[in-house]
Amino acid sequence: MSIFDQPKIDCHNHILDPAGFAYGTDTPYSPSGHEIGTAAQFAAVREVYGVRHALIVGPNSGYNEDNRCLLDAIARSNGGCRGIAVVPNQVSRAELERLKAAGIAGVAFNATYHSVAHYLDTTALLQMLAELDLFVQVQVEGDQLLELAPLLLASRVRILIDHCGRPVPELGLNQPGFQALLSLTDTGRCFVKLSGQAKFSRQSYPWDDTRPFVQALLQAFTPDACIWGSDWPFLRAPERMDYGLLLKLLEELIPDTDDRHRVLWQTPRQLLGF
């Protein structure tokens, strides 16, 4: 069965609608032009490609801790979408409960944007996330996970790693940060997004230098702990991106139809409660 005929859940994408929800004045980057992607536009993309559900990620660009656009997109989806919110480290439990009731599945930690140090005071936040059965979604690059891992391991929270952990391709599979990611399989509560190759590749599509990392993650975590995301509408993409090409690439990376079904549908459906 072709990947285009299989049911799919896109687990990493963004909604950016400055006409409907103005960007904050304190955000360092304001997406524009082809980077803008409204809820209506994403709904059309999903329909064309047979993407039945989506996990929308609140972006630091444009909105930072303003989740109004994200929550509006979830509400418009009639149960089709859930979200990952950006919140301050000192967010209250009541606010987390409100967000969860509105369709939020977890909270984003983006060390590539804020640095690891920004998150070292989040023990209380991680405890609340665990108690509320919310994820911590972690974006790191290089060896950043080494410093962040002890904090995550000490908590009971479920962990969702963005973009394959963004390793450095030329340093190979044995680089410490990537090995730290592989070791998180022992927790039984860590999941990985097979996404964002363009963010850490040194090459153009199909990003061949990232393939060994994707295969290593599939082997270590298995399709029962791996999910897929497009990163639509491709903020700061280094070159032209196309949704269909991303799906075709995943079909090549996971040629077995049953394994693809687990990554694209079964695992994220169970994980996110669709």
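The values are calculated or read from the model by the stated rules, or taken from the named source; none is laboratory data. These numbers were taken from a predicted model, which means no experiment stands behind them. In this analysis, Cβ positions are derived from the backbone assuming ideal geometry, glycine residues included, and neighbour counts consider all displayed protein chains.
Hey, among the residues in region 219-240 that are of a type in the set (A, V, I, L, M, F, W, C) and farther than 29 Å from Ala43 by Cα, which one's surrounded by the fewest Cβ atoms within 10 Å (Cβ to Cβ)?
The extreme case among them is Ala220.
Which of the residues spanning region 20-59 are touching a His at 6+ places or on another chain (Cβ under 8 Å) and assigned to a loop (DSSP other than H, G, I, E, B)? Gly58, Pro59 - these are the residues of region 20-59 that are touching a His at 6+ places or on another chain (Cβ under 8 Å) and assigned to a loop (DSSP other than H, G, I, E, B). Of the residues making up region 254-272, those that are crowded, with 19+ Cβ neighbours inside 10 Å, under 24 Å from Tyr205 (Cα atoms) and not charged (D, E, K, R) are Ile254, Val263, Leu264. Across region 225-251, the qualifying residues are those that are out of contact with any strand residue (DSSP E or B) (no Cβ under 9 Å at 6 or more places or on another chain) and modelled with pLDDT of 95 or more, and the one among them that is nearest to Ser32 (Cα to Cα) is Asp242. Against the list (1) closer than 25 Å to Gly142 by Cβ; (2) under 16 Å from the mean Cα position of the chain (by Cα); (3) without any contact (Cβ under 8 Å) to a residue 40 or more places away in the chain, the condition Gly58 fails is (3). Reported count of residues in region 186-208, each being surrounded by fewer than 16 Cβ atoms within 10 Å (Cβ to Cβ) and assigned to a helix (DSSP H, G or I), is 3.
Look at Thr25 and say whether it is surrounded by fewer than 17 Cβ atoms within 10 Å (Cβ to Cβ), among the β-branched types (Val, Ile, Thr) and over 17 Å from the mean Cα position of the chain (by Cα). Even if it seems obvious, please write down each step before you answer.
Values: surrounded by fewer than 17 Cβ atoms within 10 Å (Cβ to Cβ): yes; among the β-branched types (Val, Ile, Thr): yes; over 17 Å from the mean Cα position of the chain (by Cα): yes.
In short, yes.
Pairing each residue of region 67-95 that is acidic (Asp, Glu) with any residue that is assigned to a helix (DSSP H, G or I), provided the two are 6+ apart or on different chains, yields C-beta distances under 8 Å for Asp72/Ala39.
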